[in-house]
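To start, the structure under review is shown below, and the notes come after it.
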Amino acid sequence: MAVVPTGSGYRRQLYRDDAVVLRVQKLGESDRIITLLTRRHGRLRAVARGVRRTTSRFGARLEPFGHIDLQLAGSPEGVGSSLHSVSQVEAVALYGKQFLGDYPRYTAASAIAETAERLTPVEREPSLRLFQLTLGALKALAAGEHAGGLVLDAYLLRAMSTAGWAPAIAECAVCGTPGRHAAFSVPAGGAVCPDCRPPGAAHPAPATLALMSALTDGDWRVADAAEPPVRRECSGLVAAHLQWHMERALRSLPLVDRRESS
Ligand SMILES: [Zn+2]
């Protein structure tokens, strides 16, 4: 790791990592602040200088949803300046380009990026599992082999499990009795048995809980075969479960366009 002396009295280090670009904001005349989910350093924000000039070499590589390899300047431990700066960027796969003319996939990617940011409230706290899930979901969305809505719901279910919020599906959320139970209660934590079922619990179609289970386990044969009403009911329960655990509602989730794009 190279150590670069700076004029401000502390030393900044150069370090490399690969990352998914979650969000891009304008800063001043020509700079951007990039929110990144990195493989080894967790979520962090970095300033990219001069990238909005037309002569910028790497501005186009710092668009949302891209997988990039980059060099950052700043302390990886977070000592010193809180805002790191981007000094080099190589594109690994710029998935964002593939979502530009495709509103359903663009909105699903936006919900994935917002969820990843919200599930990493503390900067520089590594979460390799969430990084892999986020990258895998964007890659699957770009590949177009599965409906965007299914890719999003599979991501949300698995991302919730990294936070310890995964809904119970194969056992009762309250007493743990194994089995596929018919009722589902968001406040109780998922599927509930007849003894534990609270008032107001939903009674989804059995196929809906089967889809939720398939998305959690990555059983795409079952998931791809699910009928549209089953997909809708499943995404409604997944969204309700996610929102219950988040302090603030996700902005992007109600905007997701679940018409099939491929
Ligand atoms: Zn029970």
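So for region 139-155 (the condition being in a loop (DSSP other than H, G, I, E, B), surrounded by fewer than 23 Cβ atoms within 10 Å (Cβ to Cβ) and in contact with a strand residue (DSSP E or B) (Cβ under 9 Å, 6 or more places away or on another chain)), does at least one residue qualify? Within region 139-155, not a single residue is in a loop (DSSP other than H, G, I, E, B), surrounded by fewer than 23 Cβ atoms within 10 Å (Cβ to Cβ) and in contact with a strand residue (DSSP E or B) (Cβ under 9 Å, 6 or more places away or on another chain).
Can we say residue 192 is open to solvent by less than 60 Å² (accessible area, probe 1.4 Å), of a type in the set (Val, Ile, Thr) and over 28 Å from residue 59 (Cβ atoms)? Explain how you work it out, then say what you get.
On the way: open to solvent by less than 60 Å² (accessible area, probe 1.4 Å): yes; of a type in the set (Val, Ile, Thr): yes; over 28 Å from residue 59 (Cβ atoms): yes.
Considered against the rule, which asks whether it is open to solvent by less than 60 Å² (accessible area, probe 1.4 Å), of a type in the set (Val, Ile, Thr) and over 28 Å from residue 59 (Cβ atoms), residue 192 comes out as yes.
Evaluate region 203-210: report whether one residue or more is more than 11 Å from the ligand (Cβ to nearest atom), in contact with a helix residue (DSSP H, G or I) (Cβ under 7 Å, 6 or more places away or on another chain) and not in a helix (DSSP H, G or I).
Restricting attention to region 203-210, the residues satisfying the condition of being more than 11 Å from the ligand (Cβ to nearest atom) are 203-210.
In the following step, the residues that additionally are in contact with a helix residue (DSSP H, G or I) (Cβ under 7 Å, 6 or more places away or on another chain) were identified as 204-205, 207-208, 210.
Applying the additional criterion that residues be not in a helix (DSSP H, G or I) yields 204-205.
Yes; the residues of region 203-210 include at least one that is more than 11 Å from the ligand (Cβ to nearest atom), in contact with a helix residue (DSSP H, G or I) (Cβ under 7 Å, 6 or more places away or on another chain) and not in a helix (DSSP H, G or I).
The selection criterion, being part of a loop (DSSP other than H, G, I, E, B), away from the ligand (no atom under 16 Å from the Cβ) and at pLDDT 95 or above, does not hold for residue 229. Listed by first and then second residue, the pairs linking a residue in region 175-186 that is near the ligand (Cβ under 10 Å from one of its atoms) to a residue that is of a type in the set (D, E, K, R) and part of a loop (DSSP other than H, G, I, E, B), with Cβ atoms under 7 Å apart and 6 or more places separating them unless they lie on different chains, are 175/195; 183/197. Scanning region 29-71 for residues that are open to solvent by 40 Å² or more (accessible area, probe 1.4 Å) and aliphatic (A, V, I, L, M) returns a single hit, 60.
Within region 234-246, identify whether any single residue is within 16 Å of the ligand (Cβ to nearest atom), within 23 Å of the chain's Cα centre (by Cα), open to solvent by less than 50 Å² (accessible area, probe 1.4 Å) and under 27 Å from residue 126 (Cα atoms), and answer yes or no. Looking for residues that are within 16 Å of the ligand (Cβ to nearest atom), within 23 Å of the chain's Cα centre (by Cα), open to solvent by less than 50 Å² (accessible area, probe 1.4 Å) and under 27 Å from residue 126 (Cα atoms), one finds none in region 234-246, hence no.
So is residue 197 part of a loop (DSSP other than H, G, I, E, B) and touching a helix residue (DSSP H, G or I) at 6+ places or on another chain (Cβ under 8 Å) or not? Spell out how you get there, then give the answer.
Numbers: part of a loop (DSSP other than H, G, I, E, B): yes; touching a helix residue (DSSP H, G or I) at 6+ places or on another chain (Cβ under 8 Å): no.
So residue 197 does not fit the description; no.
On inspection, residue 101 does not qualify as more than 16 Å from the ligand (Cβ to nearest atom), within 29 Å of residue 203 (Cβ to Cβ) and not in a helix (DSSP H, G or I).
The values are calculated or read from the model by the stated rules, or taken from the named source; none is laboratory data. What you see is a predicted model, and the numbers here were worked out from it, not measured in a lab. When we count neighbours, we look across all protein chains shown, and the Cβ atoms used for this are built from the backbone with ideal geometry, even at glycine. Areas reflect the complete protein model, heavy atoms only, side chains present, ligands, DNA and RNA absent. Shrake-Rupley method; radii C 1.70, N 1.55, O 1.52, S 1.80 Å.
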